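Working notes, structure below.
Just so you know, all these numbers are worked out from the coordinates, no wet-lab data involved. This is a predicted model, so every value here is computed, not measured. Positions of Cβ are generated from backbone atoms using ideal geometry, with glycine treated the same way; all protein chains shown enter the neighbour counts.
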Amino acid sequence: MIPYGKHHIDEEDIQVVANVLRSGILTQGPAVEAFEQAVAQYVGAKYAVALSSGTAALHLAALAAGVGPGKSLVTSPITFVASANAALYAGGRVVFADIDPDTINMSPDSLRKALANNPDVRAIVPVHFAGLPCDMPAIKAAADQAGAIVIEDAAHALGATYPDGRRVGSCAYSQMTIFSFHPVKAIAAGEGGMITTNDEAIYRKLLRLRSHGINKLDDPFQLPEQASTNGVPNPWYYEMQELGYHYRITDMQCGLALSQFKKLDKFIARRRALVGNYDEAFAGMRNFRPAQTTGRDASGHHLYVLRIDFEGLGINRGQLMQALKEKKIGSQVHYIPVPAQPHYRKLGFSPTDYPNAQKYYQEALTIPLFYDLTDEQQASVITALKASLS
Ligand SMILES: *Cc1c(COP(=O)(O)O)cnc(C)c1O
């Protein structure tokens, strides 16, 4: 079976994890810091905080942005549920801004409308869908005008660059950027996430929130009289200064992630080549086309998504997925619009309020794209699709 996405592990990765196991330190050791520094340097951000998942990263970023009761967070309806759930975890409200049909990213026009209608917006979470960077200058301008903080959901976009050449994660247009290292993403940690930022106060807050809200670095004590005896610091003393979480990642995971990270450029180059092959093979097809076409040179190439005219073809998506499966080809839909999920409907959302997202959802299908996909396998995917869709 050819899956729609898959991680790539080599002997070096295995060796690195074995070395961590032999080192004596399993969590919060040198691999965590080394991984944080490597990513911060690569993306061009001052600070990086590694976490147990991308979802944990979104949660802490929402808290650090000040999302909470009486405050809302705007995101795209076409994303993984975690981007929106972050607002609910923080006790805030979710607002969705519809997508641009050409990029599948949050439309700046829809964002401006959402901001005008929701004066309580505290954070904006654009999602770089499939690795294609959002229109960040427009999003940042709208955020600045509304006094909102931008948190980029770059779970798909490690290794992507903006049109100005800076890397996603540099926070050139945002206060924070989050990444995920789930195995289906660009690099695998098993589970893992990260926040990058250039803001020292946010960085310090994230370090505390990652570990129970306990003071970190040289955070001043709130009860200095408890911290020392006759002017001598009490060696056991620490303070829990706010309610934090246990969102730490282990040294084993960061060892693996760092080893994977060294291969990122190679991973993306192969993905880009595969995308080029698909684009060429599907050019001029009558009933289907790539969902994203412009600006993809600088994409992280996380997913390859087709838009298919199922109505015109007279077949439905389930039948197509089944036909592909019979040829040992996996496919998936990214994503069911978040407002269509039962939990969000119970909160009063309706997917029909986001017509571009709804139309995209009816037509979308993700086909295999990953580093180890061979030319032969890709050719079989192309042949199978052309046979089913013409
Ligand atoms: C994967 C993903 C997340 C969540 O990351 P985890 O590491 O699985 O928690 C968030 N947002 C998007 C867009 C994702 O694809």
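Observations
- The long axis of helix 317-326 is offset from the longest Cα principal axis of the chain by roughly 90 degrees.
- Cα centroid separation - region 1-22 against region 282-348, whole Å: 29 Å
- By the count of neighbouring beta-carbon atoms within 10 Å, fewest first, GLU280, GLU36, GLU12 end up ordered GLU280, GLU12, GLU36.
- Once the Cα atoms are used to define both axes, helix 30-43 deviates from the longest principal axis of the chain by about 60 degrees.
- As a proxy for reagent exposure, ranking GLU242, GLU311, GLU191 by other Cβ atoms within 10 Å from fewest up yields GLU311, GLU242, GLU191.
- Max mean-square fluctuation residue, GNM over the chain, Cα-Cα springs under 10 Å, options GLN292, GLN145, GLN362: GLN145
- For region 264-389, the relative contact order works out to 31 percent when only alpha carbon pairs closer than 8 Å and six or more residues apart are counted.
- Sorting the segments 226-235, 60-69, 316-325, 380-389 by their mean number of nearby beta carbons within 10 angstrom, highest to lowest, gives 60-69, 380-389, 316-325, 226-235.
- Listed residues ALA34, ALA160, ALA57, most fluctuating in the chain (Gaussian network, C-alpha, under 10 Å): ALA34
- Surrounding net charge for THR55, when Lys and Arg each add one and Asp and Glu each subtract one, Cβ distance under 13 Å: -1
- The alpha carbon radius of gyration of the chain, expressed as a multiple of 2.2 N^0.38 Å, is 1.03.
- Each Cα pair under 8 Å and six or more residues apart adds its separation to the average, and for region 186-338 the resulting relative contact order is 20 percent.
- Excluding same-chain neighbours fewer than eight residues apart, the lysines reachable from LYS386 by a Cα-Cα span under 30 Å are LYS6, LYS185, LYS266, LYS325, LYS327, LYS328, LYS359.
- Unit charges at the beta carbon, dipole of the chain: most positive-side option, GLY68, ALA357, ALA50: ALA357
- Segment ARG22-ASN316, length gained on full extension (0.36 nm per residue, minus Cα span): 100.6 nm
- Compared with the dominant Cα axis of the chain, that is its longest principal axis, helix 200-210 is turned about 90°.
- Seen from ALA364, the other residues with C-beta closer than 11 Å to its C-beta sum to a net charge of +2, counting Lys and Arg as +1 and Asp and Glu as -1.
- Charge tally around VAL32: other residues with Cβ under 11 Å, Lys/Arg +1 each, Asp/Glu -1 each, net -1.
- Spread of Cα-to-Cα distances over 5 Å intervals beginning at zero, given as percent, for region 264-389: 2, 10, 19, 21, 19, 13, 9, 5, 1, 0
- Computed log₁₀ I(q)/I(0) - Debye formula, equal Cα scatterers, no solvent, region 1-90, q 0.12, 0.13 Å⁻¹: -0.60, -0.69
- Between LEU223, LEU256, LEU132, the residue with the greatest mean-square fluctuation in the GNM of the chain (Cα pairs under 10 Å linked by springs) is LEU223.
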